[in-house]
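All remarks here apply to the structure that follows.
The values are calculated or read from the model by the stated rules, or taken from the named source; none is laboratory data. Remember, it's a predicted structure, so these values are computed and weren't measured experimentally. All Cβ positions, even for glycine, are placed from backbone atoms using ideal geometry, and neighbour counts span all protein chains on display. Ligands, DNA and RNA are excluded from the accessible area calculation, which covers all protein heavy atoms including side chains. Shrake-Rupley method; radii C 1.70, N 1.55, O 1.52, S 1.80 Å.
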Amino acid sequence: MKLFIDTANISEIRDMAWLVDGVTTNPSLVAKESRPFRDIIAEICELVDGPVSAEVIGLKTDEMVAEGKELASIHDNIVIKIPMTESGMKAVQILTNEGIRTNVTLVFSANQAMMAAKCGATFVSPFVGRLDDIGADGMGLIAEIRECYENYVFPTEILVASVRHPRHLLDSALMGADIATVPYDVLKKAFNHPLTDLGIQRFLKDWEGVPR
Ligand code: E4P
């Protein structure tokens, strides 16, 4: 499974650039940085050699296509993030036909994921954490999408989004998701286990008794 980092923060991306295969941003993450969007995206592309998702703001097909083309001109690694609406899927089809990669965002059902795949989306982003927040089964959605895509061999990659904790990451891998996009703090947590810390402490303590 590929690992993306879900942030627009340059320090976080720099710290994890050795590990991650790509980056996802969204308007809320970009707004936290108080810098021009274009500058942030261009800088991210210099740090990580992989897909970098940049989201459009327009809601009409022609607006999304125009914004998408403009963003895609910044760097070859840019992927255009488009919200899961009917107008958005028309934009995905147009951009795909022009060779521009897309990431369909705000996906909350397997039907939406199928529509995205039918329109040629490169990536589909189901938001598991936001589904869990309302008492639905976020990871259950990943299983459903995986099954639909396997039934028809859709090439669209499943990019698990709205990841909130390391268990989401593990479940993504167990379910055969192609990618998980993970916030910085959750990536850090995935390295840790209390028994590892305890084990290191114990080894170092015992080592003190080894004659030198
Ligand atoms: C994905 O591409 C989104 O940027 C992100 O995962 C949304 O996560 P949130 O629900 O924690 O805002």
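Odds and ends about this structure:
- You will find that of Gly129, Gly135, Gly140, Gly88, the residue that is open to solvent by 30 Å² or more (accessible area, probe 1.4 Å) and small (Gly, Ala, Ser) is Gly135 and no other.
- Boolean, Thr105 is of a type outside the set (A, V, I, L, M) and open to solvent by 10 Å² or more (accessible area, probe 1.4 Å): no
- Evaluation of Arg146 against the conditions (1) open to solvent by 30 Å² or more (accessible area, probe 1.4 Å); (2) more than 18 Å from Asn111 (Cα to Cα); (3) in contact with a Gly (Cβ under 7 Å, 6 or more places away or on another chain) shows that the sole unmet condition is (2).
- Cβ-Cβ under 8 Å pairs, at least 6 apart or on other chains, the stretch 158-171 side under 12 Å from Thr24 (Cα atoms), far side of a type outside the set (Phe, Trp, Tyr) and open to solvent by 50 Å² or more (accessible area, probe 1.4 Å): Ser162/Arg130
- Qualifying residue in the stretch 182-193 (condition: exposed (fewer than 11 other Cβ atoms within 10 Å of the Cβ) and of a type outside the set (Asp, Glu)): yes
- Residues of the stretch 11-58 satisfying the condition of being within 16 Å of the ligand (Cβ to nearest atom), in a helix (DSSP H, G or I) and not aromatic (Phe, Trp, Tyr): Glu12, Ile13, Met16, Pro27, Ser28, Leu29, Val30, Ala31, Ile40, Ile41, Ile44
- Top-ranked residue of the stretch 194-208 - restricted to ones that are of a type in the set (A, V, I, L, M) and exposed (fewer than 10 other Cβ atoms within 10 Å of the Cβ), ranked as nearest to His165 (Cα to Cα): Leu195
- Contacts under 6 angstrom Cβ, first residue in the stretch 23-51 being over 12 Å from Thr7 (Cβ atoms) and free of Cβ contacts under 8 Å to residues at least 60 places away in the same chain, partner within 14 Å of the ligand (Cβ to nearest atom) and part of a helix (DSSP H, G or I), 6 or more apart: Phe37/Val30
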